[in-house]
1. Within the range 2-20, which residues are among the polar types (S, T, N, Q), part of a loop (DSSP other than H, G, I, E, B) and in contact (Cβ under 8 Å) with a residue 40 or more places away in the chain?
2. Taking the range 50-80 only, how many residues are in a loop (DSSP other than H, G, I, E, B), farther than 15 Å from Arg22 by Cβ and open to solvent by less than 70 Å² (accessible area, probe 1.4 Å)?
3. What's the number of the only condition in (1) touching a Pro at 6+ places or on another chain (Cβ under 9 Å); (2) of a type outside the set (Ser, Thr, Tyr); (3) more than 24 Å from Thr3 (Cβ to Cβ) that Ile17 fails to meet?
4. Could you check how many residues of the range 1-20 are within 16 Å of Arg69 (Cβ to Cβ), within 10 Å of the chain's Cα centre (by Cα) and loosely packed, with under 13 Cβ neighbours inside 10 Å?
5. Pull up the range 21-48, narrow it to residues that are without any contact (Cβ under 8 Å) to a residue 12 or more places away in the chain and out of contact with any strand residue (DSSP E or B) (no Cβ under 8 Å at 6 or more places or on another chain), then point me to the one that is least open to solvent (accessible area, probe 1.4 Å).
Amino acid sequence: EITEGTGISINCSHPNIRIGDRILWHRQFSGRGPEFLVRALQGLQEVRSPPGRLSVAADRRSRALWLARPRRGDAALYSC
């Protein structure tokens with residue numbers, strides 16, 4: 001739970017990532033199917049909607065989805 005308009009970082013880790021595996025993020029609103037957000041191998045990747053960025057560690061075992069200005073309408077289940 002956050003204050004509307006305050007940036008938030010959603011972290012995810014996976015110890016068994018393999019070379020060539022892409023990191024995918026989805027979000028799912030209540031009563032709807034998953035919606036693709038962004039994918040990356042490593043480094044930084046901009047996210048258009050909702051505005052933010054995805055950062056993936058060099059070893060690709062951890063990643064963080066940062067939402068710059070989340071709004072009430074962005075409330076959903078986020079998964080990687």
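1. Within the range 2-20, Thr6 is the sole residue that qualifies.
2. Total meeting the criteria: 5.
3. If we test Ile17 against (1) touching a Pro at 6+ places or on another chain (Cβ under 9 Å); (2) of a type outside the set (Ser, Thr, Tyr); (3) more than 24 Å from Thr3 (Cβ to Cβ), just (1) comes out false.
4. 1
5. Gly33
The values are calculated or read from the model by the stated rules, or taken from the named source; none is laboratory data. All values derive from a computational prediction rather than experimental measurement. Don't worry about glycine lacking a Cβ; one is built from the backbone with ideal geometry, like all the others, and counts go over all protein chains shown. Quick note on the areas: whole protein, heavy atoms, side chains included, nothing else; ligands and nucleic acids left out. Shrake-Rupley method; radii C 1.70, N 1.55, O 1.52, S 1.80 Å.
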